[in-house]
Amino acid sequence: MPFQLYDTFTREVREMYAMDGDTVRFYCCGPTVYGPAHVGNFRTFVLQDVFRRVLETNGLKTYHVRNLTDVDDKTIRESQAEGLSLGEFTNRWAQRFQKDCELLNLMIPHAEPSAVDHIPEQISLIERLIEAGNAYQASDGSVYFKVEAFAKYGRLSRLAEREITTNEISRETSDEYERDSAADFALWKARQQDDGENYWESPWGQGRPGWHIECSAMSMKYLGESFDLHSGGVDLIFPHHENEIAQSESVTGKTFARHWFHIAHLMVEGTKMSKSLGNLYTLDDIIDRGYGIQEVRYLLLSGSYRQPLNFTFDSLKAAQKAIKKLADFAKKIDSSASPLGSSLATEFGPFLPVQQAILKDMNTSDALGKLFGLVREISEALSKGNYANGAGEINRLRTGFRSVLDLFGLRFSEEKEEAVPAEVKKWAEQRWQAKQSKDWTAADQFREKIQQAGWVVKDSKDSFELIKA
Ligand code: AMP
Ligand code: ZN
């Protein structure tokens, strides 16, 4: 079944496919690393993660790039306030971000480039823009993109329809440098006193790149001049993504991203959750209040990505109940008699309607509704003893349920890991090591020991899983 997704550019729900017929290549604008990410940011990152899972469980390969914004006004200002170098400061927050992503079970992107590591690529893109007549140098050494020179400017955010004037653009992009027209935006910012030691040499003197150019340079480096999909929260549609299109298409003449996927905001009492408004919750804030990570992930998936979602502790409580139901169901099907546990392949089996719902414009809310309907029905049938006629059927059920949890990125691993005795885990790790060094005899001996202890080890490409026999 094809995967349909709304495209901000055409304002239509369109089929997702790989341009090259093989791998869906996509770019997600990553965090600005100057503090902990909040659950609003994670709404966007979790939805992007599910987007990837939908593709992969539907049999497509992916190549996922997410950048780190590690130089801008905020990172410079905050690092100075703490008396740290920019690198020390942003590294700390980048590590915290990665730890939070791991907790939330976000798949690791195939590439995670940072702006500071790609200054030459950004300079060379600016040079090409100047050569093409789409950018100019101001008297202070800053370089600006000449919006007037890109006739298609404003198509993504429908500037003409919104009748935004150049004055409004100027307010939205607010920066204090010299430029010809209020609409023009900075590609390169000449060094200012406040920048301290945070500057790079360039053909236009010392300075640093603007925010928009980093994403054009890095996305094209890792994905090519034209790629399948570009994504971020809705606040990035204008000006960030509009500007990325202008910068990239001015030099390549090609369609930059073929599909634009934007996620509506997580709100708190009617306003966007954001660092600048100070109405944010981090993962730690939520865990400190006694909630689990799966509950956060569930809450973030409980509404359609096209609609704003309100964050409340009541909805977190509802998420807690929902997760408990799923965990109970997992236990119930695990305790149903069967010798072998689930297969590692993705097969939805009785849960196919859940996958079908999510393939329709990634409606996670509808898909979760279908999941609970099925969980209720199957539970009742299991309790009455009239669900399955044997181990095969139960295995199909387990495989289907595991596939569905993978699709949403939910896991009850804490429970699972506690249940595996430390000794068995150690043997499994030793067996994995033995396999890596092609010591098949040792690997087989460890497998035997594991089996004797009542566990089955299952391998996937890069890891293994332990299942109760
Ligand atoms: P930032 O760290 O501010 O650059 O944001 C990282 C990502 O989070 C971007 O894709 C933003 O669009 C997104 N984002 C920021 N605030 C929210 C929010 N309240 N709800 C959903 N996404 C958000
Ligand atoms: Zn970006």
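In the set G278, G253, G292, only one residue is in the same structural domain as Y144 (by TED's automatic domain parsing), of a type in the set (G, A, S) and surrounded by fewer than 21 Cβ atoms within 10 Å (Cβ to Cβ); that residue is G253.
Kindly provide the set of residues from the stretch 4-61 that are within 16 Å of ligand 1 (Cβ to nearest atom) and at pLDDT below 95, ordered by number. Of everything in the stretch 4-61, nothing turns out to be within 16 Å of ligand 1 (Cβ to nearest atom) and at pLDDT below 95. Restricting the stretch 212-233 to residues that are farther than 11 Å from R25 by Cα and either at pLDDT below 95 or of a type in the set (S, T, N, Q) (or both) leaves a set whose member that is surrounded by the fewest Cβ atoms within 10 Å (Cβ to Cβ) is S231.
Filtering L229, L236 for residues that are of a type outside the set (S, T, N, Q), closer than 21 Å to E15 by Cα and not assigned by TED's automatic domain parsing to the domain that holds T312 leaves a single hit, L229.
Given the stretch 184-298, what helices (runs of 4 or more DSSP H) lie entirely inside it while holding 2 or more residues that are within 22 Å of L68 (Cβ to Cβ) and more than 12 Å from ligand 2 (Cβ to nearest atom)? Before you say what the answer is, go through the steps one by one.
Values: elements: 211-223, 242-252, 283-288.
Per the criteria, 211-223, 283-288.
Considered as a group, the residues in the stretch 210-232 that are within 25 Å of R306 (Cβ to Cβ) and either of a type in the set (S, T, N, Q) or touching a Gly at 6+ places or on another chain (Cβ under 8 Å) (or both) include one that is nearest to ligand 1 (Cβ to nearest atom), and that residue is S231.
Can you tell me how many residues in the stretch 244-279 are within 13 Å of ligand 1 (Cβ to nearest atom) and at pLDDT 95 or above? Spell out how you get there, then give the answer.
Taking the stretch 244-279 as the starting set, the residues that turn out to be within 13 Å of ligand 1 (Cβ to nearest atom) are 244, 260-279.
Keeping just the survivors that are at pLDDT 95 or above gives 244, 260-267.
Counting residues in the stretch 244-279 that are within 13 Å of ligand 1 (Cβ to nearest atom) and at pLDDT 95 or above gives 9.
Within this structure, H241 fails the test of being over 21 Å from N134 (Cβ atoms) and either touching a Leu at 6+ places or on another chain (Cβ under 7 Å) or without any contact (Cβ under 8 Å) to a residue 12 or more places away in the chain (or both).
The values are calculated or read from the model by the stated rules, or taken from the named source; none is laboratory data. These figures come from a predicted structure and were not determined experimentally. Cβ: placed from backbone, ideal geometry, glycine included. Neighbour counts: every protein chain shown.
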